[in-house]
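Notes follow the structure.
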Amino acid sequence: MSQAEVGPNGARPDRSQSRFFRNTPRKISLFFLAVAVAALVVGAGFAEISKNGSPTSSETAIVRWVILASLAIFVVTYVVGGRTRVRSRS
């Protein structure tokens, strides 16, 4: 940790001042990553509660599309957030 990151009393900086959390596209990307993981957990739950041990094809399709859409939005917003951060430095 560099000297600029340490506060006057030796404490670490407040996480609300983090470059990641001040960047709205990056916060949105983090949210959609969490949605993708949650959909994966829900899909596993469908398999657990099904009578024959496997989810129906419609349940599988819904979970698959939610995961794919969330990951696509995650990647796009993460890249946009990175480009925004680079532009703000210039």
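The values are calculated or read from the model by the stated rules, or taken from the named source; none is laboratory data. As the structure is a prediction and not an experimental result, all values here were calculated from the model. Methodologically, a virtual Cβ is constructed for each residue, glycine included, from the backbone with ideal geometry; neighbour enumeration extends over all protein chains shown.
Some values worked out for this structure:
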| quantity | calculated |
| --- | --- |
| First in the range 60-77 and more than 19 Å from ILE49 (Cβ to Cβ), second anywhere and among the aromatic types (Phe, Trp, Tyr) and buried (at least 16 other Cβ atoms within 10 Å of the Cβ), Cβ under 6 Å, 6 or more apart | SER70/PHE32; ILE73/PHE32; PHE74/PHE32 |
| Residue match in the range 80-89 (condition: modelled with pLDDT under 65, assigned to a loop (DSSP other than H, G, I, E, B), within 21 Å of the chain's Cα centre (by Cα) and surrounded by 12 or more Cβ atoms within 10 Å (Cβ to Cβ)) | no |
| Filtered residues of the range 47-69 (kept if at pLDDT 90 or above and of a type in the set (A, V, I, L, M)) | ALA61, ILE62, VAL63, VAL66, ILE67, LEU68, ALA69 |
| Members of the range 48-69 that are in a helix (DSSP H, G or I) and surrounded by fewer than 14 Cβ atoms within 10 Å (Cβ to Cβ) | GLU48, ILE49, SER57, SER58, ALA61, ARG64, TRP65, LEU68 |
| Sole exception among (1) surrounded by 13 or more Cβ atoms within 10 Å (Cβ to Cβ); (2) in a helix (DSSP H, G or I); (3) modelled with pLDDT of 80 or more for ALA72, by number | (1) |
